[in-house]
Amino acid sequence: MADGPESEPFRLATSASHLLHRAEQLASDRFEHLVGDTITLRQFAVLAAIAEMPGLSQSDLVRATGIDRSTLADTVQRMEKRGWISRTTAPLDARAHAVHLASSGATLLASATRHARAADAAILDLLPRTKRRTFLNILTKLAKLSDEAAAKAERDAKREAKRAAKDEKKKKQKPVSEARKRDGARK
């Protein structure tokens, strides 16, 4: 559903991107109001994802939380310094880190969880009871579509990198094979 014809001014009040941003601000504000400044909603999401699946790599955490790579790397580094999480070399990939909850992170997660649930309830309470499930279904669908788009982009990037490497290899082999042809013609 478009904002309107191209000649009309852009309206924030009907912009899906802007409205989603405002909804995210509402969620963060509700969470912060209930939990205080001990932990952010983003940090809570990281702790919750680690608790659900201990040993995730940072790349897995990007996919699980929807937080971009650079922000997540900074967040994880700060959380490790605070003693909330620990990172070890991943068993299957020495280049990756497996992330685990530290005991203080598990304690913080447990105390913040009731606040997160209360923040969710406060947001849903703003909607008519008959619209809440539909709202959650739409958000779930958007998250799923986002995950699928990110996975496709990752696959496409890997495919393109392989193609570029293959092309580069061919370029390097071409002069060698041309030299062999010239040498063969001279004999």
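The values are calculated or read from the model by the stated rules, or taken from the named source; none is laboratory data. Predicted, not measured: the structure shown is a model, and the values here were computed from it. So basically every Cβ, Gly included, is an ideal-geometry build from the backbone, and we count neighbours across all protein chains shown. The protein model used for the area step is the full one, side chains on, heavy atoms only, and it has no ligands, DNA or RNA in it. Shrake-Rupley method; radii C 1.70, N 1.55, O 1.52, S 1.80 Å.
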Protein accessible area in the chain, 1.4 Å probe - carbon and sulfur %: 55
Theoretical ellipticity at 222 nm over the chain - DSSP helices of four or more residues, -39500 (n - 2.57) apiece, nearest 500: -25000 deg cm²/dmol
Cβ-Cβ FRET estimate between Arg163 and Ala13, R0 fixed at 45 Å, reported to 0.05: 0.55
Long-range amide H partners of His97 with built H, under 5 Å: Gln58, Ala90
Dimensionless Rg/Rh of segment 44-89 - Kirkwood Rh, Rg from C-alpha atoms: 0.90
Rg/Rh for the chain, where both radii come from Cα atoms and Rh is the Kirkwood radius: 1.18
Dipole magnitude (debye, nearest 20) for segment 1-88, charges at Cβ of Lys, Arg, Asp, Glu: 380
Residue among Ala164, Ala118, Ala96 with the largest mean-square fluctuation in a Gaussian network model of the chain, springs linking Cα atoms under 10 Å: Ala164
Helix runs (DSSP H) in the chain reaching 30 Å along axis by Cα, Kyte-Doolittle at least -0.5: 103-125
Ranked order, Arg63, Arg22, Arg132, Arg95 - accessible area, probe 1.4 Å, largest first: Arg95, Arg22, Arg63, Arg132
Choice from Lys81, Lys131, Lys166 showing the highest fluctuation, given a GNM over the chain with Cα pairs closer than 10 Å: Lys166
